[in-house]
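Just below is one structure, and these are the notes that go with it.
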Amino acid sequence: MREHRSRVRPHTAAALGLLSLAWILSPGVAQAQSPADWLTGLQEHVAPPGQGTPSPQPGRESSGPEQSEETAYVRMVARLTADGEEIEEGLTWRVYGHAAGEGKTSLIATKQDARPSFKLKVGDYIVNAAFGRAHITRRISVKPGGPADGTMEEFVLNAGGLRVKALVSGADAPHNTVSYAIYSDRDQTDNRKLVLSAAKPNLIIRLNAGIYHIVSTYGDCNAVVRSDVTVEAGKLTEATVTHSAAKATLKLVHRAGGEALPDTQWTIQTPQGDEVKESVGALPTHILAPGNYTVIAKSQGRVFQRDIALSNGETTQVELIMK
């Protein structure tokens, strides 16, 4: 079974027919941040949310560094691009600092607000602004003597959106039959990091600008499409993946057309002997990539097998007869 694999960038959309772009904000110049590891360079100092230090309730702040008891207000805003509009909803802010008596940096405040204001002690902090899977982390310094309504800190996420559409035999994939995973581009060691798993088609996923690898799966076996897409800051990238597949229902019988035997153990293999799927039941149904397979049934201490060939768009019943 061959997997479709292609690399597509927005400016080649018309030629390749995979991606189309719709502007959602004007593009700008901003520094990209790793989409898969938003605490790069800070892990040994910061415990991410949910690990180590319990997260405070949204809207609550606790004391910051111990250098000074003097406090000041800090207001924060975020944009997708440097010259784009402020993001008005869907933001989560996390502030990290040194809690009393601790040497490591830990989460001290969090808010879900478009324009939050934090009351912080004078000192240095690490702030993360997250918008879906898009995010940016940087340091800020809180200084004494600022304006009464607080100083302003602006965060540019350098982010856009990705929407994946899934087709099966030229039509929209049936509901809840396709899911996809998003991976980062290959790093210097030729590895990818998982950004998001079990994503559903037709939803907008917010991501930092960059190249991503999509692995889309139709059904529960090997009907898989892989493709690279490029997300640009301030743009919505729309990707279409087209699946080729066949649907096979397995049946073990005493005679042709007979009743399916319950509790049969099934194994589907490639001609080379690689396992594709295991299941148990009288009439299991699986979606498979077109190609050749060996179907093996085990029941009542006996083993039966049959070679089959499946074509794109085919729906068939595979019957094995006990002899």
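Read-outs: derived from the displayed coordinates by stated rules, not from any lab. Here the structure is a predicted model, which is why all the values come from computation and not from measurement. Methodologically, a virtual Cβ is constructed for each residue, glycine included, from the backbone with ideal geometry; neighbour enumeration extends over all protein chains shown.
Of note:
- Table column - 3J(HN,Hα) (Hz), segment 231-248, Karplus curve with 6.51, -1.76, 1.60, x for Gly and Pro: 9, 10, 4, x, 10, 9, 9, 10, 10, 10, 10, 10, 9, 10, 7, 10, 10, 10
- Candidate lysines - alpha carbon under 20 Å from LYS119, same-chain residues fewer than 8 apart omitted: LYS111, LYS143
- Length gained when the stretch GLU278-HIS175 is fully extended (0.36 nm per residue, less Cα-Cα span): 34.7 nm
- Paramagnetic reach from THR270 (point 7 Å along Cα→Cβ, amide N under 14 Å) across segment 204-243: 222-224
- Dipole magnitude (debye, nearest 20) for segment 219-323, charges at Cβ of Lys, Arg, Asp, Glu: 420
- Cα gyration tensor, segment 101-173 - rounded (a/c under 1.5), prolate or oblate: prolate
- For THR264, nonlocal amide neighbours, meaning residues 5 or more places apart or on other chains whose placed amide H falls under 5 Å from its own, are GLY281, ALA282.
- Pairs from LYS121/LYS235; LYS165/LYS193; LYS165/LYS247 whose Cα-Cα separation, in the structure shown, is over 26 Å: LYS121/LYS235
- Potential lengthening between THR240 and ASP113 on full extension [0.36 nm per residue; Cα-Cα distance subtracted]: 42.4 nm
- A simple rule links phi to the HN-Hα coupling: the Karplus curve 6.51 cos²θ - 1.76 cosθ + 1.60 with θ = phi - 60°, which for segment 252-267 gives 10, 9, 6, 8, 4, x, x, 6, 5, 7, x, 6, 7, 8, 10, 9 Hz, with x for Gly and Pro.
- Under 5 Å, built H, 5+ apart or other chain: amide partners of LEU320: LYS251, LEU252, VAL253
- Global geometry of segment 204-323, whether rounded, prolate or oblate, following the gyration tensor of its Cα atoms and the 1.5 cut on a/c: prolate
- At full extension, GLN317 and GLU89 could sit 77.1 nm farther apart than now, given 0.36 nm per residue minus the alpha carbon distance.
- For a straight C-alpha distance cut-off of 19 angstrom, the lysines reachable from LYS251 (same-chain residues fewer than eight places away being disregarded) are LYS277, LYS298, LYS323.
- Within straight-line cross-link reach of LYS200, aspartates and glutamates at Cα separation under 15 Å, skipping those fewer than 8 residues along the same chain: ASP172, ASP220, GLU238
- Sorted on the mean count of surrounding Cβ atoms within 10 Å across their residues, most packed first, peptides 230-240, 117-127 read 230-240, 117-127.
- Amide H contacts of ALA223 (H built 1.01 Å from N, in plane; Pro and chain starts excluded): TYR218, ALA289 sit under 5 Å, all sequence-distant by 5 or more or on other chains.
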